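The values are calculated or read from the model by the stated rules, or taken from the named source; none is laboratory data. Everything numeric in this text was worked out from a predicted model, so none of it was measured. So basically every Cβ, Gly included, is an ideal-geometry build from the backbone, and we count neighbours across all protein chains shown.
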Amino acid sequence: MNGNSRFLLFLYQLCLLLCISISSNVFSEEAKVPPAYTLGYGDVVSIKVYDEEDLTVRTQLNDLGYISFPFLGELQVFGLTISEVQEKITKGLQDGYLVEPKVSVTVAEYRRFYVNGEVRHPGGFAFLPGLTVRKAISLAGGFTARAAQNKIYTISDGDNKRSPTRVNLNSPVKPGDVITVKQRFF
């Protein structure tokens, strides 16, 4: 693949990503983090303590599920919801540092999801709220000629059994999901 082809492919994927982000209303109220969303490896969180500029932090969960925060050091946050992390930091700061800290925690970047199997450009992609399997496959360049479009499976990050679940094109995608498009046999 020469330089021009790579550049055109990059532009195509960028345009596709922009179209998807606009159509999914990523800035609407529905696009906010669901209350049950739990943090996982690779998520980036933004933490703000009001009236305490030095305590504004943007940090990524490491591969052990920890983040680093001033005064409190390493905090285990893997598997916690945003409100649980807020509560953990608030309690930690109240314990000898601040009187009534006002802590805000948001997800700045979600962990990637992955598409493999019979798609043109398998790989990892940045998650956007409102993403469906159809949009995820579009980000991966669409189906190949050999794709069984009715045999799509996901393995979700939170699934302890890690067993594939059959999904349709309108199924939602979650951060950390692995989407597999099976091959059809003629």
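Structure above, values below:
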{"item": "Selection count, region 68-92, where residues are among the β-branched types (Val, Ile, Thr), over 10 Å from VAL105 (Cα atoms) and over 17 Å from the mean Cα position of the chain (by Cα)", "result": "1"}
{"item": "Pairs where the first residue, in region 59-87, is charged (D, E, K, R) and the second is outside any loop (DSSP other than H, G, I, E, B) and modelled with pLDDT of 95 or more, C-beta under 9 Å, 6+ apart", "result": "GLU74/TYR66; GLU74/ILE67; GLU74/SER68; GLU87/VAL103"}
{"item": "Evaluation of ARG162 against (1) under 23 Å from GLY40 (Cα atoms); (2) surrounded by 13 or more Cβ atoms within 10 Å (Cβ to Cβ); (3) outside the structural domain of ASP51 (by TED's automatic domain parsing) (one fails), failing number", "result": "(2)"}
{"item": "Scan of region 87-108 for residues that are of a type in the set (Asp, Glu) and at pLDDT 95 or above, ordered by number", "result": "GLU87"}
{"item": "Considering residues of region 47-63 that are in a loop (DSSP other than H, G, I, E, B) and over 17 Å from the mean Cα position of the chain (by Cα) only, the residue surrounded by the most Cβ atoms within 10 Å (Cβ to Cβ)", "result": "GLU52"}
{"item": "Qualifying strands (runs of 3 or more DSSP E) (wholly inside region 80-186; at least 3 residues being under 24 Å from ASP63 (Cβ atoms))", "result": "103-109, 113-117, 123-125, 178-183"}
{"item": "Residue check for PHE143: surrounded by fewer than 16 Cβ atoms within 10 Å (Cβ to Cβ), out of contact with any helix residue (DSSP H, G or I) (no Cβ under 6 Å at 6 or more places or on another chain) and over 30 Å from PHE78 (Cβ atoms)", "result": "no"}
{"item": "LEU16 surrounded by 15 or more Cβ atoms within 10 Å (Cβ to Cβ), at pLDDT 95 or above and not aromatic (Phe, Trp, Tyr)", "result": "no"}
